[in-house]
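The values are calculated or read from the model by the stated rules, or taken from the named source; none is laboratory data. These numbers were taken from a predicted model, which means no experiment stands behind them. Here Cβ is always computed from backbone atoms with ideal geometry, including for glycine, and neighbour counts include all displayed protein chains. Surface areas here come from the heavy atoms of the whole protein model, side chains and all, with no ligands, DNA or RNA. Shrake-Rupley method; radii C 1.70, N 1.55, O 1.52, S 1.80 Å.
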Amino acid sequence: MPSFDICCLETEPELNSNVVSINVGGRIFQTTKQTLTQAGPKSLLYRLAETGSDRFVDRDPDQFSLLLSLLRSGTLPSKVKDFDLRDLIEESRFYGVESLLTSSLSDPSHLDAFALRKSSELPLNGRDTPSAIASTPFGSLHVSHGSKITSFDWSLTRKSTILTQFTAIDSLLAISPDIAAAGATDFSGLQILDLQKGRVKQVLNWENATRSGSTVQAIGSSGEFLFTSFESSRRNSNSILVYDMNTLNPVIEIARNEIFGADLDSAIPATKLRWVSGYGLLMASGSHSGLSGVSGNIKFWDIRSGNVAFELKEKVDCFADVCVSDNMNVLFKVGVSSGEVFNADLRCLGTVNNDANDNSNPWMCVENRRKVVNGKKE
């Protein structure tokens, strides 16, 4: 805890013992003990609430007023825009309320989706193009570029860079503020990296039938599990492994395919993994481009049984990308041929078998009103 000055003076008991007066840089602030204790027991403000005499803190009163408003209402006042964010962050660290400031600044309700603009450009060392990005619940951010990973703190003002063994990183997942999982489609094994110390903590591999190396195609996670899609270096087998997030021990293997002959469906590894918490299912999707066009599949796995709950086989206007909205019960895709956005009701997918000969196609086009430029939709 940073040092601070508290000047204790003998005073008569206050009429209301719940009211606390604090002198910050010569300005008197009055609040309640309940408000100050919102900062948490490890904060300076909590200690001030417990002090039974007048309090003096030799800090900037204007910035203190912002943090006091944060404690009172849970949000920052509009005048915060007139202050430098880095100064406010340092002040929040002094008082021990940085976590509250983080939550306030990252509140989704403060974002206007129709008035977004570039607020800053994150500087990266070297000329390598960013290839993967991962954020943490703590507000920090990790960006892979070439063989390097640059980490930014939640204020995006401080950064650190480490060098990895990869030529380029294709999949990146933040496990904690300092630990990340990284993999590549041309490098064997999933690496668990200590970003603070710049070293490999552990390498997770998949044992396939040919005992060749196993490259990472995708990474996903839930609060409890880490999911990794592997493909053998010979590209004749693939699988999804489920690990315990705390111990990194394997829990179950699902979606294992040993490919023989021209079994195209089995040859498609999962290149996107998303946990659908409302259903307790893992969504795994992948596609393949061949002479007959692009085909793919979207499977929802029950990791408890290792079975597929339901799947979509994409042979007509396969997806260029796919995502799921848990709270809306909707699956979205961008058609690789049409460029249109489609949605499908998750609640109905278990009753639909959208094979090529099945007329019960679950996809509905979101809209068809985009501008046509030179014969192509933007």
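Could you list, in sequence order, the residues of the stretch 144-170 that are closer than 23 Å to residue 101 by Cβ, out of contact with any helix residue (DSSP H, G or I) (no Cβ under 6 Å at 6 or more places or on another chain) and not hydroxyl-bearing (Ser, Thr, Tyr)? Residues satisfying the conditions are 152, 153, 156, 158, 159. From the list 232, 160, 151, the lone residue that is within 24 Å of residue 284 (Cβ to Cβ) and not aromatic (Phe, Trp, Tyr) is 232. Take the conditions (1) crowded, with 16+ Cβ neighbours inside 10 Å; (2) under 26 Å from residue 311 (Cα atoms); (3) not aromatic (Phe, Trp, Tyr); residue 193 misses just one of them, which is (2). In the stretch 138-151 there is no residue matching the filter, namely being in a loop (DSSP other than H, G, I, E, B) and in contact (Cβ under 8 Å) with a residue 40 or more places away in the chain.
For the stretch 311-353, the tally of residues that are open to solvent by less than 30 Å² (accessible area, probe 1.4 Å), without any contact (Cβ under 8 Å) to a residue 60 or more places away in the chain and not in a loop (DSSP other than H, G, I, E, B) stands at 11. Evaluation of residue 51 against the conditions (1) of a type in the set (Val, Ile, Thr); (2) modelled with pLDDT of 90 or more; (3) more than 26 Å from residue 137 (Cβ to Cβ) shows that the sole unmet condition is (2).
Within the stretch 310-328, does at least one residue satisfy the condition of being in the same structural domain as residue 252 (by the TED database), among the polar types (S, T, N, Q) and closer than 20 Å to residue 223 by Cα? Yes: the stretch 310-328 contains one or more residues that are in the same structural domain as residue 252 (by the TED database), among the polar types (S, T, N, Q) and closer than 20 Å to residue 223 by Cα. Looking at residue 84, is it surrounded by fewer than 14 Cβ atoms within 10 Å (Cβ to Cβ), within 29 Å of residue 155 (Cα to Cα) and either in contact with a Leu (Cβ under 6 Å, 6 or more places away or on another chain) or charged (D, E, K, R) (or both)? It is true that residue 84 is surrounded by fewer than 14 Cβ atoms within 10 Å (Cβ to Cβ), within 29 Å of residue 155 (Cα to Cα) and either in contact with a Leu (Cβ under 6 Å, 6 or more places away or on another chain) or charged (D, E, K, R) (or both).
In this entry, residue 308 is excluded by the filter for residues that are at pLDDT 70 or above, outside any loop (DSSP other than H, G, I, E, B) and either on the phi > 0 side of the Ramachandran plot or touching a Ser or Thr at 6+ places or on another chain (Cβ under 8 Å) (or both).
Which condition number in (1) surrounded by fewer than 17 Cβ atoms within 10 Å (Cβ to Cβ); (2) modelled with pLDDT of 90 or more is the one that residue 71 fails? With (1) surrounded by fewer than 17 Cβ atoms within 10 Å (Cβ to Cβ); (2) modelled with pLDDT of 90 or more applied to residue 71, the lone miss is (1). Residues satisfying the criterion are absent from the stretch 107-118 (criterion: farther than 22 Å from residue 156 by Cα, outside the structural domain of residue 152 (by the TED database), modelled with pLDDT of 85 or more and loosely packed, with under 15 Cβ neighbours inside 10 Å). If you go through the stretch 182-230 and pick out every residue that is of a type in the set (A, V, I, L, M, F, W, C), more than 19 Å from residue 277 (Cβ to Cβ) and not in a loop (DSSP other than H, G, I, E, B), you end up with 11.
Checking each residue in the stretch 131-147 for being under 24 Å from residue 188 (Cβ atoms) and either open to solvent by less than 40 Å² (accessible area, probe 1.4 Å) or modelled with pLDDT under 95 (or both) picks out 132, 134, 142, 143, 144, 145, 146, 147.
Can you confirm whether residue 167 is surrounded by fewer than 15 Cβ atoms within 10 Å (Cβ to Cβ) and more than 17 Å from the chain's Cα centre (by Cα)? So residue 167 passes the test. For the condition farther than 19 Å from residue 342 by Cβ, in contact (Cβ under 8 Å) with a residue 40 or more places away in the chain, aliphatic (A, V, I, L, M) and surrounded by fewer than 19 Cβ atoms within 10 Å (Cβ to Cβ), residue 303 does not qualify.
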